[in-house]
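> If you scroll down you'll find the structure; I have some questions about it.
The values are calculated or read from the model by the stated rules, or taken from the named source; none is laboratory data. All of these numbers come straight from a predicted model, not from anything done at the bench. Please note: Cβ atoms are built from the backbone with ideal geometry, for glycine as well, and neighbour counts cover all protein chains shown.
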């Protein structure tokens, strides 16, 4: 698929709204096909371990419960290897407090075994307040799940601080707005918070104006852990090898630094007890619809 760009982040989120007119009608069979296709794609990219973000709201329909979605996804990934696939429960920022409570209940009761983390994603400009998700993410941490949050891609650095202080994130998606913020850089460095970098997404969605203005070199120069990811790759026409090439351009072909990022991805993976040979890249699907 050819790469495309968007006039604004608002255009992107409008096109991919869970309750928008462009929403596809999908069911649990589509979920299974989607996961299998994703697995096959990651194998061709020679990934050994991957974490797939799953937005269950996309698959909820009359007669389908949250538990149905989680259990079906878990059963599908249970039989997958080369690469190993683990799941991250994704909540969207526009979710209702009732849905956040529903997810909290599922976490407290115990997510299926192949779920290793939780994530918050979506339009941080319209929905910067994360208060309604605090109990859910607290439950996730108590259950030993990893926490990652999309923050600082379009909003200001305050969104990254909220991800850290209110939700307890140990990984942050994008964190573009952290660039130049000394206090935040110090916090990310000292607490070893991994920044999940998605170069293509940041440029195509307008989070950064040009490739050369991307903050990846700044992150690494400041000792902040970072890894390469794909965000909404089906819509943006990218994959991990393409992201690696873009990162190489940004870093003047510093392949040693790129290899160090792969080690960081392995060190910060949520499925930490699993054996996974190097190199390990950490792709993500974000909020892709099948």
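> Of everything in the range 94-136, what is touching a residue at least 40 places away in the same chain (Cβ under 8 Å), in a loop (DSSP other than H, G, I, E, B) and out of contact with any helix residue (DSSP H, G or I) (no Cβ under 8 Å at 6 or more places or on another chain)? Give them in sequence order.
94 - this is the single residue of the range 94-136 that is touching a residue at least 40 places away in the same chain (Cβ under 8 Å), in a loop (DSSP other than H, G, I, E, B) and out of contact with any helix residue (DSSP H, G or I) (no Cβ under 8 Å at 6 or more places or on another chain).
> Can you tell me how many residues in the range 162-196 are outside any loop (DSSP other than H, G, I, E, B), in contact with a helix residue (DSSP H, G or I) (Cβ under 7 Å, 6 or more places away or on another chain) and farther than 20 Å from residue 269 by Cβ? Reasoning before the result, please.
Of all residues in the range 162-196, those outside any loop (DSSP other than H, G, I, E, B) come to 162-165, 171-174, 176-178, 182-190, 194-196.
From the residues that got through so far, the ones that are in contact with a helix residue (DSSP H, G or I) (Cβ under 7 Å, 6 or more places away or on another chain) too are 164, 172, 174, 176-178, 184-185, 187-188, 194-195.
Now drop any that are not farther than 20 Å from residue 269 by Cβ, which leaves 176-178, 184-185, 187.
Residues that pass the stated criteria total 6.
> Those residues that are farther than 12 Å from residue 136 by Cα and touching a strand residue (DSSP E or B) at 6+ places or on another chain (Cβ under 7 Å), I need them from the range 81-116; list them, please.
83, 84, 85, 86, 87, 88, 92, 93, 111, 114, 115, 116
> For the range 208-256, name all the residues that are within 23 Å of residue 181 (Cα to Cα), over 16 Å from the mean Cα position of the chain (by Cα) and assigned to a loop (DSSP other than H, G, I, E, B).
Matches in the range 208-256: 208, 209, 210, 214, 215, 222, 223, 224, 251.
> While we're here: Would you point out the residue of the range 1-47, among those that are buried (at least 19 other Cβ atoms within 10 Å of the Cβ) and assigned to a loop (DSSP other than H, G, I, E, B), that is modelled with the highest pLDDT?
47
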